[in-house]
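The structure appears below as structure tokens.
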């Protein structure tokens with residue numbers, strides 16, 4: 001196979017050779033510096049064979065040195081040294097210092113434990129006081145809320161907080177004076193309704209918080225007896241807008257009694273009350289007799 005046959009191949013070869021030469025020159029000119037011999041790491045120590053020396057010329061061969069004579073003590077000197085050398089014993093002062101240190105360490109430890117207990121007791125006491133204050137504050141808020149609620153109800157229905165109210169009268173099916181119900185109840189709630197009324201042919205009604213009502217009496221077309229209970233819906237002006245006779249409590253469901261009972265219920269009229277519900281539910285009970 002032949003190479004560099006065409007002009008392009010020859011030009012490519014020239015350019016490649018030029019680039020290689022430039023790279024080699026750059027490596028030699030701006031390449032990383034180096035030391036010959038390379039720099040050693042660590043601490044350089046002068047070579048020798050003695051701990052002492054003098055002069056400015058470093059010998060290349062070991063230097064002969066004269067050993068220093070060591071004067072050994074004689075037997076009598078050794079005996080004197082042994083007699084003079086005292087025997088090391090623990091002195092009482094050292095024992096006292098050691099005992100004092102141990103006692104001081106124990107006292108410091110006890111003091112630290114006592115301080116830790118005092119801190120824990122103080123923290124527990126502070127936490128108990130904080131919880132007590134929070135509980136007391138919650139009870140006070142609850143008491144104030146109940147008082148405000150009672151005052152609001154008192155202003156709404158005319159004095160229910162005590163028996164020494166500013167208004168007289170009351171409401172309920174009993175014979176004793178007072179206002180039957182509970183303080184946090186709804187004054188318009190149909191929680192009870194009136195009885196059948198005194199005597200034969202009596203009419204009783206119940207509508208919470210609206211007082212007494214006026215009505216008309218309609219006679220039956222048949223000779224029947226019995227009690228008819230009518231469910232009524234009253235608007236704020238006091239008029240009955242709906243009436244459903246024969247609900248629970250009715251003893252005679254004869255249509256000749258239900259129709260006049262419905263007419264009597266629709267004829268009821270209570271005093272207007274703008275604070276009453278838009279549709280207040282109540283009850284009317286009519287006790288029919290054969291003479292009616």
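The values are calculated or read from the model by the stated rules, or taken from the named source; none is laboratory data. All values reported here derive from a predicted model rather than from experimental measurement. No Cβ is skipped: glycine too gets one built from the backbone with ideal geometry, and neighbour counts run over all protein chains shown.
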Discussion item. Test of understanding: among 248, 244, which residue is part of a strand (DSSP E or B) and free of Cβ contacts under 8 Å to residues at least 24 places away in the same chain?
Written reply: 244
Item to complete: Would you tally the residues in the stretch 248-274 being within 51 Å of the chain's Cα centre (by Cα) and farther than 20 Å from residue 214 by Cα?
Response: 1
Discussion item. Every residue in the stretch 252-269 that is in a loop (DSSP other than H, G, I, E, B) and modelled with pLDDT of 90 or more, please.
Written reply: 267, 268
